Amino acid sequence: MILSGRAISTGEVRGTVAKVDDRVSFLGDVDPETGLVFGEKKIKDSIFVFPEGKGSTVGSYVIYQLKKNGTGPKGIINRKTETIVASGAIISDIPLVDDIDIDLIEDGDMVHIDGAKGEVDILDVDVVDVVTAFLVRDDSLLLFKRSDDVRTFKGKWAGVSGYLEKNDPLQQAKIEINEETDLESELLAEGETVLARSGKNIWRVHPYLFSVEGEPELDRENEKYEWVRPEKIKSRDTVPKLWEAYESARWSYENQD
Amino acid sequence: MSPVQVRPAALFGFDLMHLTKEEENILEGEKGEGPAKAMELLVAIGKIYDADRLIPIESAQIAGVSYKTMGDAGLEFVQDFAEKAQVKVKAMLNPAGMDLNHKNYESDEFRSKQIELIKAYRELGIEVSCTCTPYLAGNRPSIGTHLAWSESSAVSFANSVLGARTNREGGPSALMAAVIGKTPNYGLHIKENRRPDIVYDVEGDIPLSLLGYLVGRETSDEIPYFKDISPREDGLKTLGAAMAATGSVAMYHVEGVTPEYDDFDIGHLEKVEIGPEDIEEIKEELKSKKEPDVIVIGCPHLSRPEIFELADKLEGRERKNGPDLLVYTSRKVMEESKEAVRKIEKFGSVVSDTCMVVSPLEDKYEVAATDSGKAAAYLPKLANQKVIYADMDTLLEMIA
């Protein structure tokens, strides 16, 4: 799965991901002798994935020292690179790509960085296309609790969803609405796809917004439903990136001609 | 010179940095490895901040000079890079970790490492004048001039008091800008971004260092606009330095004083009143039960008028027991003020090329008293000192 970001420091490299979820101050958080981050995470010869740098600009030179000592990472991936890390990577010839959704990358993944193109290839993951339809009525949205009969995400809250088989996504969305709710629906908008990581799969979610009338009749895929205000998605235990998928569809709806 | 795009515009419309053919050639290595690296770094920073192009700079001021902060990592980098590049514009250095001519409290090993680092910078073509006040040491840019300076108080002074334009550069980005002679066009290089964000109405008499200490903490990286203060240049230096230390204020305006205060409409801005009662809390924080073992003055480096004023205050007084006195200034000001320096040296040391924050003060002292808001902000973290803030007269009472 190739993700496109920004080219910050050139060079191509392949390696195993060492990931931390906090912002990193290279001066202070990283030991240039051992290559340990936060005293525990080893980044030697890794592809070091972290959200963003912070702290003293001397951090750039710590990256250089890691490189000189042979204790540093082979490549870096950031959500957002700032000047300290960008400067350090460039003066140390370490390929760096930013503007990457690092939630899609897990510790231990094998990845390939192309620093000139600004691309990150996550190897050994399967891309699975799914549709998610958000059904709305007035100011409310239908959420479904997935039953124990489904293969994935049992007990999680979701929209109407299903695998994309041979149909085009819109057609599949309509089929799923019909099967899972038996409601009459009218298409409002189609959002940009949203990516979500789960195990060795990256789900490529095709989000849709439909308006409906009446109450759904559930099939065995869902055990119950609830009408909620859309913001409630954020506080529920949902399938991955459900809120982002909803936002994508809503954004298209509000910005269409 | 037709513009060449670095790479196809990415999906979302950012990344539209344009390079001239000449810049493109440097990036591809026509002028060698060092300039190519420098160009790569400037282009990356340009992308991060959505700059449209590179613009020429008149001078650079480079941080990362003290061996105390740079360590072997920084030393190695500068030494390696000096073999591959030369600066193209006037470039000066931030304070080093010691007076280059006189041994003080630093170790011999520290001295030799520091000298190696300075030598590497000199090989890059950089002037060895180590000061946070380049504008008092022969580099006073005029209004509208573009710069790549990195020391936070110098950046604040250049933008606010001189009306020159610079972002707060990191050590590497200022160095690379000096090698190319250009910097990415974003942030404070663009007039619109120099607009004030918040108005401070100052009532009563508040020391400028404490006013800066407070406002820096409150405003983070906004641009403050002050009313009802009318400091002279040395006061502006003090105010800006403190704000840049407790916040990351890189520019401010003072009504009726600074050159760009009248260029923007401030009618709609949030207004905050500050009075003497607002700094009581800070005064409490900056007290220590312990007696100081050193008084440190000169953050930022003292100007010539400040050196003279200090000498006058000490004139005719007797040194009594009490803390050591260390006074920091630039080499240029020191050389231009020999008589006054001699008077001060009856009471303590006048030191150049370095300062209390970037030298290993902690090797000799534990409790430092200062009149600088900036030093008060940095000494606990960077020199492991307990800090006492007091005004100049109170400080001098302790020793004479």
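When the helix-only estimate is applied to chain B (DSSP H runs of n ≥ 4, each -39,500 (n - 2.57), divided by the residue count), what is the mean residue ellipticity at 222 nm, nearest 500 deg cm²/dmol? Using -39500 (n - 2.57) per qualifying helix, the result is -11000 deg cm²/dmol. Counted over all Cα-Cα pairs of region A:2-122, pairs farther apart than 21 Å make up 23 percent. Put simply, the Cα atoms of region B:199-296 extend 48, 24, 24 Å along their principal axes, the longest span coming first. Per residue of chain A, the DSSP helices (runs of n ≥ 4 H) give a summed -39500 (n - 2.57) that works out to -5500 deg cm²/dmol at 222 nm. For the residues B:Asp263, B:Asp221, B:Asp324, a GNM of chain B with alpha-carbon springs under 10 Å puts the largest fluctuation on B:Asp263. Remark: region A:168-183, residue by residue, has Karplus-estimated 3J(HN,Hα) of 7, x, 5, 4, 5, 4, 5, 4, 5, 4, 4, 5, 8, 10, 6, 9 Hz, where x stands for each Gly or Pro and the curve is 6.51 cos²θ - 1.76 cosθ + 1.60 at θ = phi - 60°. The alpha-carbon of A:Lys241 sits under 22 angstrom from the alpha-carbons of these lysines, leaving out residues fewer than 8 places away in its chain: A:Lys19, A:Lys80, A:Lys145, A:Lys154, A:Lys156, A:Lys174, A:Lys200, A:Lys224, A:Lys232. Can you tell me how region B:115-166 classifies by the Cα gyration tensor, rounded, prolate or oblate, using a/c under 1.5 as the rounded cut? Cα axes put region B:115-166 in the prolate bin.
Along region B:376-388 the Karplus relation, 6.51 cos²θ - 1.76 cosθ + 1.60 evaluated at θ = phi - 60°, assigns HN-Hα couplings of 4, 6, 8, 4, x, 6, 9, 9, 6, 9, 7, 10, 10 Hz to successive residues, with x for each Gly and Pro.
Look at where the Cα atoms of region B:206-241 and of region B:79-97 average out, and the two centres are 31 Å apart.
Just tell me which lysines come within less than 23 Å, Cα to Cα, of B:Lys287; anything on the same chain fewer than 8 places away is out. Qualifying lysines at Cα under 23 Å: B:Lys320, B:Lys364, B:Lys374, B:Lys381, B:Lys386. With neighbour counts taken as other beta-carbon atoms within 10 Å, the residues B:Ile198, B:Ile282 rank, fewest first, as B:Ile198, B:Ile282.
Of A:Trp203, A:Trp157, A:Trp243, how do they rank once you tally other Cβ atoms within 10 Å and put the fewest first?
Ascending Cβ contact count within 10 Å gives the list A:Trp243, A:Trp157, A:Trp203.
Averaged over its residues, how many other protein chain Cβ atoms are within 10 Å of peptide B:72-83's Cβ atoms? Mean partner shielding for this stretch: 4. Distance between the C-alpha centres of region A:58-112 and region A:212-252: 37 Å, rounded to the whole angstrom. Annotation: amide H of A:Asp129 within the under-5 Å range of A:Leu164, A:Arg204, sequence separation 5 or more or interchain, hydrogens built in the peptide plane.
Counting other Cβ atoms within 10 Å, which GluC sites (Glu not before Pro) in region A:1-96 have at most 16 and lie in a DSSP loop?
For GluC sites (Glu not before Pro) across region A:1-96 that sit outside H, G, I, E and B with at most 16 neighbouring Cβ atoms in 10 Å, the list reads A:Glu33, A:Glu40, A:Glu52.
Remark: for residue pairs B:Lys37/B:Lys88; A:Lys41/B:Lys47; A:Lys74/B:Lys182, the C-alpha separation exceeds 24 Å in A:Lys41/B:Lys47; A:Lys74/B:Lys182. Using the Karplus relation 6.51 cos²θ - 1.76 cosθ + 1.60 with θ = phi - 60°, the per-residue 3J(HN,Hα) values for region A:105-120 come to 10, 10, 3, x, 4, 8, 10, 10, 10, 10, x, 7, 7, x, 10, 10 Hz, with x marking Gly and Pro. A cut-off of 5 Å between modelled amide H atoms, ignoring neighbours fewer than 5 places along the same chain, links B:His146 with B:Glu58, B:Arg165. Answer rounded, prolate or oblate for region A:126-254, using the Cα gyration tensor with square roots of eigenvalues a ≥ b ≥ c: rounded when a/c is under 1.5, else prolate when a/b is larger than b/c, else oblate. Since a/c stays below 1.5, the shape of region A:126-254 is classed as rounded. Taking a ≥ b ≥ c as the square roots of the eigenvalues of the Cα gyration tensor, chain B is classed as oblate, since a/c reaches at least 1.5 and a/b does not exceed b/c. Extent along the principal axes, Cα only, for the protein assembly as shown: 98, 56, 50 Å, with the longest axis given first. Of the residues B:Ile48, A:Ile202, B:Ile190, the one with the fewest other Cβ atoms within 10 Å heads the list, and the complete ranking is B:Ile190, A:Ile202, B:Ile48. Judged by the mean number of other Cβ atoms found within 10 Å, the most tightly packed of the peptides A:162-172, B:65-75 leads the ranking B:65-75, A:162-172. The average projected area of region B:251-400, computed from the convex hull of its Cα atoms over all directions, is 11.2 nm². Amide H contacts for A:Phe134 (H built 1.01 Å from N in the peptide plane; partners 5 or more residues away or on another chain; cut-off under 5 Å): A:Tyr208, A:Leu209, A:Phe210. Remark: mean inter-chain Cβ contacts per residue of A:68-81 equal 1, using a 10 Å Cβ-Cβ cutoff to other protein chain atoms.
Can you give the direction-averaged projected area of the convex hull of the alpha-carbon atoms in chain A, in nm²? Don't skip to the answer; put the middle values down first.
Working: hull surface 60.7 nm².
That works out to 15.2 nm², a quarter of the Cα hull's surface.
If you filter region B:76-157 for trypsin sites (Lys or Arg not before Pro), then keep DSSP loop positions with at most 16 other Cβ within 10 Å, what is left? When the trypsin sites (Lys or Arg not before Pro) of region B:76-157 are filtered for loop state and at most 16 Cβ neighbours within 10 Å, B:Lys84, B:Lys103 remain.
Laboratory data are not the source of any read-out in this text; all were calculated from the coordinates shown. Nothing here was measured: the structure is a model prediction, and the numbers come from that model. Please note: Cβ atoms are built from the backbone with ideal geometry, for glycine as well, and neighbour counts cover all protein chains shown.
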